[in-house]
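First comes the structure, then the notes that go with it.
Every number here is computed from the coordinates shown, using simple stated rules; none is lab data. Only a predicted model underlies this, so the values are computations on that prediction, with no experimental measurement involved. No Cβ is skipped: glycine too gets one built from the backbone with ideal geometry, and neighbour counts run over all protein chains shown.
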């Protein structure tokens with residue numbers, strides 16, 4: 001049995017806020033994002049079933065990390081419970097962890113009441129470029 005070779009293409013649009021990985025012209029992985037004042041908010045990472053666990057989701061997020069490094073901004077995302085190990089393997093950390101919270105400044109959280117009402121939940125995650133020399137300001 002021979003495996004057909006695929007022509008793999010990566011498309012990134014800052015203007016429209018997406019990264020797509022295509023195989024022979026068909027989208028197999030995509031991630032939408034929004035560049036906000038102080039952060040990049042990633043949403044809707046999706047990989048077609050037959051292409052999962054082959055590195056395409058990682059490729060998508062690696063491209064987003066390169067953009068974050070260039071813009072000197074953290075990436076914020078919300079993860080479903082079953083995807084948390086995937087994001088952890090890519091270096092994302094839980095925003096509801098007190099140690100992680102000490103590394104950032106919340107722009108919209110000033111009090112303990114705010115933290116309870118607007119603060120991070122179990123699925124909120126962050127990735128901060130190592131080259132960032134200051135605490136990033138993030139908004140929930």
(request) Measure nothing but the geometry: give the 0 to 90° angle between the long axis through the Cα atoms of 56-71 and the longest principal axis through the Cα atoms of the chain, rounded to 10°. (result) 50 degrees
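Could you work out the helix-only [θ] at 222 nm for the chain, with each DSSP H run of four or more residues adding -39,500 (n - 2.57) and the total divided by the number of residues, to the nearest 500 deg cm²/dmol? Intermediate results must be reported in sequence, preceding the final value.
On the way: 4 runs with 33 residues, N = 140.
Estimated from H runs of four or more residues: -6500 deg cm²/dmol.
Please work out how much length the chain gains when fully extended from residue 132 to residue 15, using 0.36 nm per residue of separation minus the C-alpha to C-alpha distance, in nm with one decimal.
Working: separation 117, 0.36 × 117 = 42.12 nm, distance 2.36 nm.
The span from residue 132 to residue 15 would gain 39.8 nm if fully extended.
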(request) May I ask you to derive the FRET efficiency for residue 65 and residue 24 from their Cβ-Cβ distance with R0 = 35 Å, giving the value to the nearest 0.05? (result) 0.85
(message) Taking 0.36 nm per residue of sequence separation and subtracting the Cα-Cα distance, how much length would be gained by fully extending the chain between residue 116 and residue 84, in nm to one decimal?
(response) 9.3 nm
(message) Relative contact order for the chain: what percent, with Cα pairs under 8 Å and sequence separation of 6 or more?
(response) 20 percent
(request) Given the options 81, 27, 100, state which has the largest fluctuation in a GNM of the chain using a 10 Å cut-off (strictly under) for Cα springs. (result) 81
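Listing 106, 33 from the residue with the fewest other Cβ atoms within 10 Å to the one with the most, what is the order? List each step's numbers first, then the result.
Details: 106 17, 33 25.
Exposure proxy ranking, most exposed first: 106, 33.
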